[in-house]
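Engineer: The structure is given below, and queries will be raised subsequently.
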Amino acid sequence: MATKVVAKAFGGPEVLEVVDEVVPDPGPGRVSVEVRAAGTNPVDYKLFSGQFGADASQLPMPVGSEAAGVVTAVGSGAAGPSGPVRPGDDVILYR
């Protein structure tokens, strides 16, 4: 299970909700990461507030686009800028 913050509608902070979801095994070229730190930026607010458009098909929208953590599972062929990624690797990511 993973806990994340999502916007269930477009608007201010009142539309944000903390949800738990099942994390599937990573597919080819993908990894699962245990997030240790996450960041939000002005662009995140502009996205969930609807300032960049309010396409309802984008909801629920995950909030936050930067994170750092530890790889917990790796799909076949997963690689980063430095080469293959392995469980236990410290990583940063941008969604």
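Engineer: Using unit Cβ charges (K, R positive; D, E negative) and no other charged atoms, how large, in debye to the nearest 20, is the dipole of the chain about its Cα centre?
Structural biologist: On the way: 7 positive and 11 negative charges, 36 e Å.
Dipole size: approximately 180 debye.
Engineer: Let me ask another. Before rounding to the nearest 500, sum -39500 (n - 2.57) across all DSSP H runs of length at least 4 in the chain and divide by the residue total; then give [θ] at 222 nm in deg cm²/dmol.
Structural biologist: Computed ellipticity for the chain at 222 nm equals -2500 deg cm²/dmol.
Engineer: So, one more: From zero up to wherever the largest Cα-Cα distance of the chain sits, split into 10 Å bins and tell me the percent of pairs in each.
Structural biologist: Spelled out bin by bin, the chain gives 15, 41, 30, 14, 0 percent.
Engineer: Please give the per residue accessible area of the chain, computed with a probe of 1.4 Å over protein heavy atoms only, in Å². Mind dumping the intermediate values first?
Structural biologist: Working: 6360 Å² over 95 residues.
Heavy-atom SASA per residue in the chain reads 67 Å².
Engineer: Would you work out which of Gly77, Val15, Ser49 lies farthest towards the positive end of the dipole of the chain, given +1 charges on the beta-carbon of Lys and Arg and -1 on that of Asp and Glu, about the Cα centre?
Structural biologist: Gly77
The values are calculated or read from the model by the stated rules, or taken from the named source; none is laboratory data. Values in this document were obtained by computation on a predicted structure and should not be read as measured data. All Cβ positions, glycine included, derive from the backbone under ideal geometry; neighbour counts span all protein chains shown. These area figures cover heavy atoms from the full protein model, side chains too; ligands, DNA and RNA do not enter into them. Shrake-Rupley method; radii C 1.70, N 1.55, O 1.52, S 1.80 Å.
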